[in-house]
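The values are calculated or read from the model by the stated rules, or taken from the named source; none is laboratory data. In this text the structure is predicted, and so the values were computed from the model without any measurement. Counting neighbours? That spans all protein chains shown, and the Cβs are built from the backbone with ideal geometry, glycine included. When the accessible area is computed, the model is the full protein with side chains, heavy atoms only, and any ligands, DNA or RNA have been set aside. Shrake-Rupley method; radii C 1.70, N 1.55, O 1.52, S 1.80 Å.
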Amino acid sequence: MGSEAPLPKWASTPCIMGIDEAGRGPVLGPMVYGCLYCACSYQKTLATLKFADSKTLKEEKREELFENLKADESIGWSVDVIDPRELSAKMLKKNKVNLNEISHDSAIGLINRVLNMGVLLTEVFLDTVGDADKYRIKLSERFPSIKFVVAKKADSLYPVVSGASIVAKVTRDRALREWVLEETSENINRSFGSGYPGDPETKAWLAHHKHPVFGFPSLVRFSWGTCTSYYKDMVEVLWESDKEDEDVAYGSSGKQLKLSNVGFGTPSKRKSEEIESSGKGRCKFFQSRKLEQLTRF
């Protein structure tokens, strides 16, 4: 039963849930959080379905088990697919969000989603992210009516987490296989290997697909340390500015002034907006595409 299916009768009885992720470490592609839930009374049957940590199973077996659980009307499941661009943007923005926080938010989002569907969750099992006790306390404070079990290698200890592991892994594998590259360069290929930093095929793909100006294709998590070594070969980009902007930005000494000294946040902001909107002082990339700043939506 997927997240879009009608709510079954068993969902109104006490239920358990398992949560696990796939793709936390790779430099390519999305990170996927998956969950599997069922009635507490179904636990013994769940243990006979041969779910296991997805990393210990071959791809064909994972696909088979995923199709089996999708067809099982006594099981529900859902996923959260986190785009590589979202991962990098959050990790590099001014108020950085680290990978553990992103993982916690994804797990919390899945719990909320299933609760909002009307499922009576009473116990949730998770693989730990960071300190297990702190994670459990954080979840318990957020959802006081649910008992949480947070443990290392939970995907190999609890069948409900093993099932969630399969949901997450198969979803990520399919997402990578079906990924539509936004970039249209003729030289782009899909032979990127596993996506893990240590994979020689992945490293060769990164080296071949780096652009000296535009960096990497959108499939790449450019915030990963793996990408750092490639930046030294990329060019420094300087934004064009007309003479009027240069006169404002630089004093008579030729030294660049602080933003606070050139009127940002003061009434002169309107003038800078007019310059921006007119296309002056903008990179040719924006001018050639006739892109303008929105002053009113």
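Of all the C-alpha pairs in region 1-92, what % are more than 21 Å from each other?
On the way: 1678 of 4186 pairs.
Above the 21 Å cut-off, region 1-92 has 40 percent of its Cα pairs.
Can you tell me how much longer the chain between Ser191 and His208 gets when fully stretched, taken as 0.36 nm per residue apart minus their C-alpha distance, in nm with one decimal?
5.0 nm
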Given axes a ≥ b ≥ c from the Cα gyration tensor, I'd like to know whether region 64-147 is rounded (a/c under 1.5), prolate (a/b larger than b/c) or oblate. oblate
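Heavy-atom accessible area per residue, region 56-127, 1.4 Å probe: how many Å²?
Numbers: 3580 Å² over 72 residues.
With all protein chains present, region 56-127 gives 50 Å² per residue.
Counting pairs of alpha carbon atoms under 8 Å apart in space and at least six apart in sequence, what relative contact order in percent does region 39-144 give? Kindly include the intermediate steps, with their values, before the conclusion.
Details: 27 pairs, mean separation 16.9, N = 106.
Answer for region 39-144 is 16 percent.
Loop-only GluC sites (Glu not before Pro) in region 130-230, please: DSSP not H, G, I, E or B, and at most 16 other Cβ atoms within 10 Å. Could the numbers behind the result be given before it?
Working: sites: Glu141, Glu178, Glu182, Glu183, Glu186, Glu201; in loops: Glu178, Glu182, Glu183, Glu186.
Passing sites in region 130-230 are Glu178, Glu182, Glu183, Glu186.
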Using DSSP to define loop residues, name the trypsin sites (Lys or Arg not before Pro) in region 72-139 whose beta-carbon has at most 13 other beta-carbon atoms within 10 Å. Lys93, Lys94, Lys96
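For Val170, Val235, give the ranking by accessible area with the largest first, probe 1.4 Å.
On the way: Val170 0, Val235 80 Å².
Greatest to least solvent exposure: Val235, Val170.
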HN-Hα J couplings of region 65-72 from phi, Karplus 6.51/-1.76/1.60, θ = phi - 60°, integer Hz, Gly and Pro as x? 5, 5, 5, 5, 6, 5, 7, 7
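Output needed for region 1-158: three equivalent-ellipsoid semi-axes, defined as square roots of 5 times the C-alpha gyration tensor eigenvalues, in descending order, whole Å.
They are 25, 19, 15 Å, listed from largest to smallest.
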Taking the Cα centre of region 1-115 as the origin and placing charges on Cβ (Lys, Arg +1; Asp, Glu -1), which of Ser54, Ala89, Gly25 is farthest toward the positive end of the dipole? Ala89
To the nearest 0.05, what FRET efficiency results for Glu182 and Glu101 with a Förster distance of 45 Å applied to their C-beta separation? 0.95
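Report the FRET efficiency, 1/(1 + (r/R0)^6), for Asp131 and Ser229, where r is their Cβ-Cβ distance and R0 is 35 Å, rounded to 0.05.
Values: r = 31 Å, r/R0 = 0.89.
Once the sixth-power term is evaluated, E becomes 0.65.
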